[in-house]
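None of the figures in this text is laboratory data; all of them are computed from the coordinates on show. Everything quoted here is computed from the prediction, not taken from an experiment. Cβ coordinates were reconstructed from backbone atoms using ideal geometry, including for glycine residues, and neighbour counts include every protein chain displayed.
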Amino acid sequence: MQEDFRLMIVDLVLVLAAAAAGELFASLLRQPVILGYLLGGIVVGPAGLGLIKELIQVDTLAEFGVAFLLFVLGVEFSFAELQKVKAISLGGEACKLC
């Protein structure tokens with residue numbers, strides 16, 4: 001049990017390091033940070049280098065990743081930007097409450 005916990009911590013540190021490296025790489029290329037996070041996840045995941053092999057751990061980390069991605073997307077948008085796409089996002093012409 002203790003060995004599994006150590007492996008999980010090592011995998012978590014590996015994912016965080018890949019995310020930091022992807023963030024740095026995306027920043028250097030003047031691209032959105034989210035792109036760096038996605039590339040970091042692809043690299044360490046089972047489809048990339050396969051550094052994380054346990055699919056259960058990948059599923060758990062993916063759920064956290066989706067939650068963090070939604071949070072980052074929510075932070076990215078300002079109310080001014082949302083006002084520009086209000087008609088499209090709330091149903092176009094059919095939305096009379098807009």
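Going by average Cβ density within 10 Å per residue, which order do the peptides 71-82, 24-35 take, highest to lowest? Intermediate results must be reported in sequence, preceding the final value.
Details: 71-82: 9.3, 24-35: 12.8.
Result, highest mean Cβ count within 10 Å first: 24-35, 71-82.
For the range 66-71, in order, what is each residue's ³J(HN,Hα) by Karplus, 6.51 cos²θ - 1.76 cosθ + 1.60 with θ = phi - 60°, in whole Hz (x at glycine and Pro)?
5, 4, 5, 4, 5, 5
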